[in-house]
Structures are given as C-alpha cells and as structure tokens.
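Here's the structure, in structure tokens; my notes come after.
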Protein chains: 2
Amino acid sequence: MLSQKRHKNILHQYGLKVTSARLRVLDTLMRSNIALSHADILSKIRDIQLDKVTLYRTLDAFVKSGLAHKVATEDRNWLYALDLSEHGDTVHRNHTHFICDYCDRVYCLPVSPQVGIPDSSSVEGFEVRSHEFRLHGTCPQCH
Amino acid sequence: MLSQKRHKNILHQYGLKVTSARLRVLDTLMRSNIALSHADILSKIRDIQLDKVTLYRTLDAFVKSGLAHKVATEDRNWLYALDLSEHGDTVHRNHTHFICDYCDRVYCLPVSPQVGIPDSSSVEGFEVRSHEFRLHGTCPQCH
DNA sequence: TTATCATTTGCAACTAAGTTGCATTTTTAT
DNA sequence: ATAAAAATGCAACTTAGTTGCAAATGATAA
C-alpha cells in the first residue's frame with residue numbers, strides 16, 4: 001500500500017472516519033478495474049483481521065456516502081465499485097456496466113456519449129430520471 | 001382462469017409438462033404487466049396448494065425453457081416475466097426494464113428502436129453480444 | 001498530550017432465502 | 001390401463017446477510 005495520504009483524503013472528502021478497515025477496503029477497490037463482491041474483497045484482505053460484518057458495514061458506508069456504488073448481478077450478488085475517476089472526482093449517476101458471460105466479471109465503463117437515451121416522451125407515462133446500461137458479451141481477458 | 005387451452009399450448013410449445021402448478025404460475029405471470037418475484041407469485045396463488053420449492057423449480061423451468069426471463073433487482077431479488085408478446089411468440093434477447101423508484105415495480109418495455117447500442121468497436125476489446133437497458137424514474141401509477 | 005464522546009469493530013446469535021434429497025404423486029407415452 | 005419419467009411436497013440443511021451489544025478506536029477540544 002502506497003502513501004495513505006490520498007486514501008485518507010478520499011475518506012475525509014466523503015465524510016467517513018478513517019479506520020484501518022476502511023483504508024484497506026478502499027485500497028482494494030482502487031486496485032481493481034472490476035467491481036468486487038463482498039466475498040472477493042474478504043478473500044483479498046488476509047493480512048489484517050476483517051470481520052464479515054465490518055465489511056458489510058464498510059461497503060454500506062461507502063455506498064451511502066457516494067464514494068462507491070453497487071451493482072446487483074444476475075446471480076444475485078452485489079458487486080461494489082468506486083465512483084472515482086482517475087482524477088479523484090465523482091462520476092456519473094448513469095452507468096454502463098459490462099458483464100462478461102464467460103468469467104462473470106463486471107466492468108464499469110464510462111458512459112459512451114454516442115449512446116442515445118430514450119427520452120420520457122418515448123415511453124408513455126414513464127418519467128425517466130437515470131439509467132443503467134448493461135452490456136453482455138466477452139471481455140478482453142476472455143477473448 | 002379462462003380457457004386453459006392457450007396455457008397448455010404454451011407449455012407444450014416450450015417443452016414443459018402440463019401440471020396444475022405450472023398452469024397457475026403461467027396464468028399469474030400472464031395477468032401481470034409487471035415482473036413478479038417468487039414472493040409476489042406465492043402470495044397471489046392461494047386457491048391451490050403450492051410449495052415454495054415447487055415454485056422455485058417452476059420458475060427455473062420457465063427460464064431454462066425460454067418461456068420467461070428473470071431480472072435481478074437492486075435489492076437482490078429476482079423478478080420473473082414472460083418472454084411472450086401479445087401474439088404468443090418469443091421476444092427479444094435484448095431488454096429494456098423500467099424500475100420505478102417509488103414503488104419498485106419493474107416493467108418490461110419493448111426495446112425502443114431509437115435507442116442506439118454502442119457497437120463493439122466503441123468499447124475497446126469488449127465484444128458486446130446482448131444488452132439490457134435499465135431505466136429508473138417514476139412509473140405511470142406513481143405519478 | 002490527554003480525556004471524553006461518538007463511532008466503528010468483532011463476536012455470537014439469529015433470520016430468511018434458497019437448496020437438496022427423498023418418498024409420493026402426477027403426467028405422458030405405449 | 002400400465003409403466004417410465006418427471007414434477008411435487010416435505011423436512012432438513014446451507015449460506016448470505018442482519019442485529020444487539022460490549023470492547024476498541026478515532027476525532028475533538030481542553
């Protein structure tokens with residue numbers, strides 16, 4: 001783990017107390033380019049003690065504060081990914097998720113600007129406020 | 001329940017044995033314009049005995065045969081909806097689901113043709129095979 | 001730095017959703 | 001009508017996630 005400075009800063013920014021558990025979970029999510037499940041994260045953190053309940057609560061806190069978001073997968077799992085861009089600022093409410101049908105990895109892609117969103121009028125009586133685009137197929141690793 | 005003829009026909013069409021449980025579940029799904037959860041369906045079927053395990057297996061069978069599809073919701077539930085159009089033929093692999101943020105109902109909308117799908121080239125290394133569009137907002141009932 | 005208070009953590013017990021195995025019943029094909 | 005195959009119901013079980021609470025830790029202000 002590099003300089004914790006940045007990590008601590010991020011936690012502060014989102015109004016979260018700095019604890020070793022949170023730093024570790026944040027670091028784990030930052031190192032991953034795919035969304036991770038509770039089980040994924042737990043298995044990656046072996047050097048410090050981390051109770052499953054603490055992890056559940058940590059992830060909830062991340063989501064509630066807006067630091068991360070969660071995706072419900074087809075197999076009824078929750079995957080977590082940070083809402084940070086490379087520059088540390090908050091991203092999109094609207095997401096594009098890519099789900100690999102071979103390895104089940106979920107990637108959070110930047111919303112492709114050329115994707116048209118159906119406007120409210122196109123769907124009678126439904127007022128669209130945000131959207132999530134889920135793409136299924138083969139990811140680069142499984143090619 | 002109307003003429004069971006049509007119901008039986010559908011089950012046959014999808015290679016499913018005709019049983020009272022399946023007819024009842026099929027009917028329940030046909031009467032609904034929203035996707036239903038295991039619990040929803042169970043609570044709607046009170047006149048005949050229907051074990052929770054049977055319902056799980058029935059829904060699995062529907063999905064496996066292609067008669068229905070399931071949607072994982074944000075709250076880690078599974079909702080089921082038939083893949084039948086009004087005319088009884090199979091629809092789209094690609095879905096648009098509308099999730100109401102007030103009542104949590106999930107509607108399966110016909111894919112709006114004006115919605116652009118990002119092609120493979122737009123997402124480097126990711127081969128897109130199918131997609132699901134999730135719209136969030138307010139449904140007609142909650143307006 | 002230290003004392004204080006609020007928050008977070010870990011543990012154990014609990015809850016609820018979903019699964020498995022198996023004996024019985026129902027359906028379909030002969 | 002009968003036999004084989006599949007579906008059903010039940011009980012026991014598994015597992016993910018939750019709750020309550022006592023102990024530990026982090027933030028704040030003297």
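The values are calculated or read from the model by the stated rules, or taken from the named source; none is laboratory data. Nothing here was measured: the structure is a model prediction, and the numbers come from that model. Note that we place each Cβ from the backbone using ideal geometry, even for glycine, and neighbour counts take in every protein chain shown. Remember, those area values only see protein heavy atoms, side chains included, never the ligands or the DNA or RNA. Shrake-Rupley method; radii C 1.70, N 1.55, O 1.52, S 1.80 Å.
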Exactly one of A:Ser122, A:Ser130, A:Ser85 is closer than 24 Å to A:Leu23 by Cα and modelled with pLDDT under 90, and that one is A:Ser85
Scanning the stretch A:2-42 residue by residue, those under 18 Å from the mean Cα position of the chain (by Cα), within 19 Å of A:Val53 (Cβ to Cβ) and of a type in the set (Val, Ile, Thr) turn out to be A:Val25, A:Thr28, A:Ile41
Over the stretch B:52-78, the set of residues within 14 Å of chain A (Cβ to nearest Cβ) and within 11 Å of DNA strand C (Cβ to nearest atom) is B:Tyr56, B:Leu59, B:Asp60, B:Lys70, B:Ala72, B:Thr73, B:Asp75, B:Arg76, B:Asn77, B:Trp78
Pairs returned, first residue in the stretch A:116-143 that is more than 7 Å from every other protein chain (Cβ to nearest Cβ), second residue that is open to solvent by 20 Å² or more (accessible area, probe 1.4 Å) and at pLDDT below 80, beta-carbon separation under 6 angstrom, 6 or more apart or interchain, are A:Ser120/A:Glu127; A:Ser120/A:Val128; A:Cys142/A:Tyr102; A:Cys142/A:Cys103
Q) Quick check, is A:Val53 among the β-branched types (Val, Ile, Thr) and within 12 Å of the chain's Cα centre (by Cα)? A) no
When the stretch A:51-83 is checked residue by residue, the ones that are open to solvent by 60 Å² or more (accessible area, probe 1.4 Å) and away from DNA strand D (no atom under 11 Å from the Cβ) are A:Lys64, A:Glu74
Here the residues within the stretch B:15-50 that are part of a loop (DSSP other than H, G, I, E, B) and within 11 Å of DNA strand D (Cβ to nearest atom) are B:Gly15, B:Leu16, B:Lys17, B:Val18, B:Thr19, B:Ile45, B:Ile48, B:Gln49, B:Leu50
For A:Thr138, the lone unmet condition from (1) closer than 29 Å to A:Arg57 by Cα; (2) open to solvent by less than 70 Å² (accessible area, probe 1.4 Å); (3) at pLDDT 75 or above is (1)
Of the residues in the stretch A:23-41, those that are surrounded by fewer than 17 Cβ atoms within 10 Å (Cβ to Cβ) and among the aliphatic types (A, V, I, L, M) number 2
Taking the stretch B:25-38 and keeping residues away from chain A (no Cβ under 14 Å) and within 11 Å of DNA strand C (Cβ to nearest atom) leaves none
Given the conditions (1) surrounded by fewer than 16 Cβ atoms within 10 Å (Cβ to Cβ); (2) within 26 Å of B:Arg76 (Cβ to Cβ), every one holds for B:Asn9 apart from (2)
If we ask which residues in the stretch A:2-14 are without any contact (Cβ under 8 Å) to a residue 40 or more places away in the chain and not in a helix (DSSP H, G or I), their number turns out to be 2
Within the stretch A:99-113, of all residues that are at pLDDT 80 or above and within 11 Å of A:Val71 (Cβ to Cβ), the one surrounded by the fewest Cβ atoms within 10 Å (Cβ to Cβ) is A:Tyr107
B:Gln49 vs (1) facing chain A (nearest Cβ under 7 Å); (2) modelled with pLDDT of 80 or more: all pass except (1)
